[in-house]
Amino acid sequence: MVGGPLKKAVFLDRDGVLNGVLLKNGKPHPPKSVEDLAILPGVEEAIEILRKLQFELIVVTNQPDVARGFVPSQEVHLIHEYLGKILKIEHFYSCLHDDSDTCYCRKPLPGMIFEAAEFLGIDLTSSFMVGDRWRDIEAGLSAGCTCYFIDYSYTERRPKGLYISVGSLIEAARHIERYGNDSHTE
């Protein structure tokens with residue numbers, strides 16, 4: 001762990017939070033390459049708001065298409081490199097496993113969040129998780145973060161637990177800016 005006072009962070013899922021997804025039968029799928037990547041409206045403004053509030057910005061993303069053989073791990077790295085450059089985000093944590101691998105890093109388990117918190121010196125109770133799927137929210141809640149659920153009404157189960165429902169990352173960022181650590185889950 002990094003010495004000194006603990007920092008606060010916003011943990012961000014990638015697909016559906018920072019960049020668009022491809023919907024197939026109501027279920028989101030990630031872009032397969034940088035060429036397929038489209039940053040969502042309001043994301044750059046949201047990132048700037050969170051940066052001004054002095055949050056560490058940390059992407060935590062499941063990328064099971066690597067384990068499934070649909071996308072090479074190098075392509076995931078290139079997408080993160082591109083997003084990091086455009087959005088000025090330094091920290092990316094990826095789980096490249098599938099459910100059958102039963103790893104600790106795959107959301108809804110909080111492994112990536114705990115790893116980042118330990119490495120970067122993050123106070124999880126002063127931090128937030130923003131995601132668009134039940135796995136994101138349940139991982140954030142398990143780690144002790146306040147969670148924002150971007151509700152796109154996907155045809156999959158909804159998160160369990162207490163979270164704040166929003167329509168976009170910019171809406172979450174403005175709520176965090178306004179209420180900070182006084183955010184109350186709904």
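Give me the pairs, please: first residue somewhere in the range 17-42 and more than 16 Å from ASP151 (Cα to Cα), second residue anywhere and part of a loop (DSSP other than H, G, I, E, B) and of a type in the set (D, E, K, R), beta-carbon distance under 7 Å, and either six or more positions apart or on two chains.
Going by the 7 Å Cβ cut-off, the qualifying pairs are PRO30/ASP65.
On the given criteria, is ARG51 more than 13 Å from the chain's Cα centre (by Cα), loosely packed, with under 15 Cβ neighbours inside 10 Å, of a type in the set (Lys, Arg) and not in a strand (DSSP E or B)?
no
Of the residues in the range 141-178, how many are β-branched (Val, Ile, Thr), in contact (Cβ under 8 Å) with a residue 40 or more places away in the chain, farther than 20 Å from PRO110 by Cα and in contact with a strand residue (DSSP E or B) (Cβ under 9 Å, 6 or more places away or on another chain)?
2
Condition first: at pLDDT 95 or above, among the acidic types (Asp, Glu) and either outside any loop (DSSP other than H, G, I, E, B) or under 18 Å from LEU53 (Cα atoms) (or both). Now tell me which residues in the range 151-186 satisfy that.
Hits for the range 151-186 are GLU171, GLU177.
If I go through the range 103-119 residue by residue, how many of them are within 20 Å of PRO159 (Cβ to Cβ), in contact with a strand residue (DSSP E or B) (Cβ under 7 Å, 6 or more places away or on another chain) and assigned to a helix (DSSP H, G or I)?
Counting residues in the range 103-119 that are within 20 Å of PRO159 (Cβ to Cβ), in contact with a strand residue (DSSP E or B) (Cβ under 7 Å, 6 or more places away or on another chain) and assigned to a helix (DSSP H, G or I) gives 2.
Give the range 101-158 a look and list any residue that's within 18 Å of GLY180 (Cβ to Cβ) and touching a Phe, Trp or Tyr at 6+ places or on another chain (Cβ under 6 Å), or say none.
MET129, VAL130, CYS145, THR146, CYS147
The values are calculated or read from the model by the stated rules, or taken from the named source; none is laboratory data. Nothing here was measured: the structure is a model prediction, and the numbers come from that model. With ideal geometry, Cβ positions are generated from the backbone for all residues, glycine too; neighbour counts draw on all protein chains shown.
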